[in-house]
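Here's the structure we're looking at; comments come further down.
The values are calculated or read from the model by the stated rules, or taken from the named source; none is laboratory data. No experiment lies behind these values; they were computed from the predicted model shown. Cβ placement follows ideal geometry from the backbone for every residue including glycine, while neighbour counts extend to all protein chains displayed. Ligands, DNA and RNA are stripped out before the accessible areas are found, and what is left, the full protein with its side chains, is counted by its heavy atoms. Shrake-Rupley method; radii C 1.70, N 1.55, O 1.52, S 1.80 Å.
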Amino acid sequence: MNADDSGTVFTMNEQHTEYIDAPSNHVKYDLIGEISQNVGLLRKTVGKILAGIDESQFNKYKSNPESFIAQVSNIINSVKAQNIVSHIIYNKLDEVWDEDAIFADGDIQGIIGENVFDAKKHLYDRVRVDSKTEKRFASELDVQNDVEMYVKLPGGFYINTPVGKYNPDWAVVLNEPNQKHVYFIAETKGVSDSIQLTLKGVENAKIESAREHFKVISNNEIKYDVVDSYEKMIAKLVD
């Protein structure tokens, strides 16, 4: 290690690799207890679930206990989420979001040319994206005559769901021949034609909750759906 006024530099002089034919793990785990804590179920219930796992699958616990506990916990939480959301009901209240509160901070942070790009029809003159799909979607919106404006929704705007807060990706205002404005709330995902088969678990549960939320509050004025392109967004509007 070299350290001076300009900073610290580390140099690797030697590297050694050890090969182990049969790795062993002597750490003791409370399998039922840890999963019970992760999923919020009684130990008795978790025990019944584990008893139903195929023996060949259960044996994977011996080779990698931490991974086994994490994966089983994720599966249980995913099933819980789907069961909860299948019975969800939203009721419309008088409370509304204050637009000044949602868009109070227009400071867009990121790296120009990497995840922040100039925009024509975005609420601000730049837009930050989190994926190639989002970048392509924003580029499509910028050149469409039917798009009045759009905005990447800030993290402070969210919908409460039984499995946590959900923040939709985009709000789009469209000009249509028969009506001045059409409002579309979009969740962009980099998937192919079968979006519903790709989204699973908690993520899908939040999206299904959002469908019910906008269905109740919008009076058909707002359309919400999962899309990965402008073309698919328009197709959803005419469905």
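Consider the range 188-239 and keep the residues that are under 14 Å from the mean Cα position of the chain (by Cα), within 29 Å of N145 (Cβ to Cβ) and modelled with pLDDT under 70. The one that is surrounded by the fewest Cβ atoms within 10 Å (Cβ to Cβ) is G190.
Among the candidates K28, K48, K60, single out the residue that is open to solvent by 80 Å² or more (accessible area, probe 1.4 Å), modelled with pLDDT of 90 or more and either within 15 Å of Q71 (Cα to Cα) or more than 28 Å from the chain's Cα centre (by Cα) (or both). Steps first, please.
Details: K28 fails: modelled with pLDDT of 90 or more; K60 fails: modelled with pLDDT of 90 or more.
Being open to solvent by 80 Å² or more (accessible area, probe 1.4 Å), modelled with pLDDT of 90 or more and either within 15 Å of Q71 (Cα to Cα) or more than 28 Å from the chain's Cα centre (by Cα) (or both) holds for just one of K28, K48, K60, which is K48.
Scan the range 121-160 for residues that are touching a Pro at 6+ places or on another chain (Cβ under 7 Å) and under 13 Å from S229 (Cα atoms) and the total you get is 0.
State whether one or more residues within the range 6-27 are among the aliphatic types (A, V, I, L, M), over 30 Å from K165 (Cβ atoms) and touching a Phe, Trp or Tyr at 6+ places or on another chain (Cβ under 7 Å). So that I can check it myself, show each step before the final result.
Step one: of the range 6-27, the residues among the aliphatic types (A, V, I, L, M) are 9, 12, 20, 22, 27.
Checking the rest, the ones that are also over 30 Å from K165 (Cβ atoms) come to 9, 12, 20, 22, 27.
Filter again for touching a Phe, Trp or Tyr at 6+ places or on another chain (Cβ under 7 Å), leaving none.
Looking through the range 6-27, none of the residues is among the aliphatic types (A, V, I, L, M), over 30 Å from K165 (Cβ atoms) and touching a Phe, Trp or Tyr at 6+ places or on another chain (Cβ under 7 Å).
The set of residues from the range 158-173 being of a type outside the set (V, I, T) and either modelled with pLDDT under 90 or assigned to a loop (DSSP other than H, G, I, E, B) (or both) comprises Y158, N160, P162, G164, K165, Y166, N167, P168, D169.
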